Amino acid sequence: MVLYKMLYGQHEASAAYHELVQGTLVKMDFSVYKPNPQFYYRAEDDVLIEVHQDDLRCCGRGHTLEQLMK
């Protein structure tokens, strides 16, 4: 990842971070949960990820989550 300009503390930082995370998760075949767009779900291995500010919470089977971390 290349940082083109400093966003920390700027109004645009939150939106830029969300776009980056969403783009990455969509490339990894996650779908946005329409009623609550802070949740992403991948049905093939039953993994749910919640994005809250700059935190990610992951739920799924242990071995599946380990593979995602690699």
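Of the residues making up the stretch 8-52, those that are within 17 Å of T64 (Cβ to Cβ) and either over 13 Å from the mean Cα position of the chain (by Cα) or not aromatic (F, W, Y) (or both) number 13. Scanning for something of a type outside the set (V, I, T), touching a Ser or Thr at 6+ places or on another chain (Cβ under 6 Å) and open to solvent by less than 80 Å² (accessible area, probe 1.4 Å), does the stretch 14-24 turn up at least one residue? Checked the stretch 14-24: no residue is of a type outside the set (V, I, T), touching a Ser or Thr at 6+ places or on another chain (Cβ under 6 Å) and open to solvent by less than 80 Å² (accessible area, probe 1.4 Å). For the stretch 17-67, the tally of residues that are modelled with pLDDT of 85 or more and among the polar types (S, T, N, Q) stands at 5. Look at (1) modelled with pLDDT under 85; (2) assigned to a loop (DSSP other than H, G, I, E, B); (3) touching a helix residue (DSSP H, G or I) at 6+ places or on another chain (Cβ under 8 Å) and you find that H11 fails only one, number (3).
The values are calculated or read from the model by the stated rules, or taken from the named source; none is laboratory data. Note that this is a predicted model, so its numbers are computed, not measured. Don't worry about glycine lacking a Cβ; one is built from the backbone with ideal geometry, like all the others, and counts go over all protein chains shown. The accessibility values were calculated without ligands, DNA or RNA, using every heavy atom of the protein model including side chains. Shrake-Rupley method; radii C 1.70, N 1.55, O 1.52, S 1.80 Å.
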